[in-house]
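Taking it in order: structure first as structure tokens, then the write-up.
The values are calculated or read from the model by the stated rules, or taken from the named source; none is laboratory data. Everything quoted here is computed from the prediction, not taken from an experiment. Glycine also receives a Cβ, built like all others from the backbone with ideal geometry; neighbour counts cover every protein chain displayed.
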Amino acid sequence: MKISVIGCGYLGATHAACMADLGHEVIGIDVDPTKVAKLNAGEVPFYEPGLDEVLARALASGRLSFTTSWDDVANFADIHFLCVGTPQKLGSYAADLQYVDSAIAALAPLLTRPALVIGKSTVPAGTAQRLAEYLEHHAPVGAQARLAWNPEFLREGFAVEDTVRPDRLVYGVSDDESAALLAQVYAPVTVHGMPVIVTNPATAELVKVAANSFLATKISFINAMAEICEVAGGDVAVLADAIGHDTRIGRRFLNAGVGFGGGCLPKDIRAFQARVGELGVSHAIDFLDDIDAINLRRRQKVVDLALAAVGGTFAEKTIAVLGAAFKPDSDDVRDSPALDIAASISNAGAHVRVYDPKAMANAALRFPKLEYAPTIEIAVAGSDVVLHLTEWQEFRSVDPATLTPLVRNAHVIDGRLCLDATAWRAAGWTYEALGRPTA
């Protein structure tokens, strides 16, 4: 099928490359000519494992190209995936829909033959209905320009797998023909047998924000248990294992630590709160305020532990931070707990040195005041405390004995609860972790 992908950031570039790799003819459009040139040259503008190989195959096949021309998009495709960003509005919890609206405004006047626009961006409930009405009134083809919603559920670090073998597909449609077209688009994917849920657009919009809200709640719940363990003498890791065996709860994403971050979860739950408030039922999800607060408290807890570890003042102290990305296998530093903690400690007077395998260039753009080291060894050299804040495999597998001679004070705070405490203590380190006994 001939498909366009509107917006070639993380979601759009991944979707375009994967759809072409699956056999469709795809054109991607973005307003950034530099990004378009890079993608056409086979260069992924961000780090995502495996995507560079998929992009290379898709370009070599001749089924994929990228452009800045709306005319090219309208002339080429009759199925258009909307993959633009919906960031949090400045000074508000609400989602900023300016990029969604501008994309629809640019495309609509060019739709001179029947077309299906498929939203994948995360948007507030009611957006699909509003955009469908806009398309009908502004597209030359009128009501034959239809709109559907097909939310994405990509995990950074697993985006390719989540595109070609998702755990479910959701089609939010208003007519059978749109559902049939979506089924054709995803035929190479559904052959693997995952569930397909066909519903109305409003439900499809809500599925994504409800899923993210539930995930955030699960993460913050175990972090709340970590707070209790810290004062009651419990071990949150063992507690999580114990309750995770209950099939009604499950162990996945029940890991205590410095909490969630990134470009989706925090802003999505806040936008959900804003929209629910507009709908007049804010009381239904008042608990999300507490979820957000618990998440942010865990960051401050690491700052407090680091301050205690260096004797109550950060002045003339060197703090090593292992991790800058909000999660491993990603270079995304948006709302990164690691960088938030690093910046807080730096602002309090410490010299902070950061190392991350992939995210340091992006981190330096957002936090130029911090020092960035090219290796773990250089990062920890002469440090008074080491903070482990992003669970890269490189950090989990490092031999702590090789780091002991390099530091001024062998004290590590494990903000992700995944280092081998026994090995670090055997190598002469004082090991602390959130929600776990220190001894």
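Side notes on the structure shown:
- The listed residues are S213, S282, S220, and the only one of them that is more than 22 Å from R436 (Cα to Cα), polar (S, T, N, Q) and in contact (Cβ under 8 Å) with a residue 12 or more places away in the chain turns out to be S213.
Quick grid of which residues meet (1) under 28 Å from V236 (Cα atoms); (2) in a helix (DSSP H, G or I); (3) of a type outside the set (V, I, T):
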{"site": "A343", "(1), (2), (3)": "yes, yes, yes"}
{"site": "P374", "(1), (2), (3)": "no, no, yes"}
{"site": "A379", "(1), (2), (3)": "no, yes, yes"}
{"site": "W424", "(1), (2), (3)": "yes, yes, yes"}
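- Pairs with Cβ under 6 Å, 6+ apart, first in the range 92-113 and crowded, with 21+ Cβ neighbours inside 10 Å, second part of a helix (DSSP H, G or I) and not hydroxyl-bearing (S, T, Y): A95/A271; I104/L131; A108/L135; A108/H138
- Tally, over the range 30-62, of residues that are over 20 Å from D331 (Cα atoms) and either among the charged types (D, E, K, R) or not assigned by TED's automatic domain parsing to the domain that holds E161 (or both): 2
- Within the range 274-284, tally of residues that are part of a helix (DSSP H, G or I) and surrounded by fewer than 19 Cβ atoms within 10 Å (Cβ to Cβ): 6
- When G42, G12 are checked against the criterion of being in contact with a strand residue (DSSP E or B) (Cβ under 8 Å, 6 or more places away or on another chain) and under 30 Å from A363 (Cα atoms), a single residue qualifies: G12.
- Answer residue from the range 181-204, given it is part of a helix (DSSP H, G or I) and hydroxyl-bearing (S, T, Y) and is farthest from I118 (Cα to Cα) among those: T190
- The residues in the range 395-419 that are in contact with a helix residue (DSSP H, G or I) (Cβ under 8 Å, 6 or more places away or on another chain), surrounded by 15 or more Cβ atoms within 10 Å (Cβ to Cβ) and either without any contact (Cβ under 8 Å) to a residue 40 or more places away in the chain or at negative phi (or both) can be counted, and the count is 15.
- Output for the range 380-392, where each listed residue is small (G, A, S) and surrounded by 24 or more Cβ atoms within 10 Å (Cβ to Cβ): S383
- Residues of the range 316-338 that turn out to be outside any loop (DSSP other than H, G, I, E, B) and touching an Asp or Glu at 6+ places or on another chain (Cβ under 9 Å), as a count: 6
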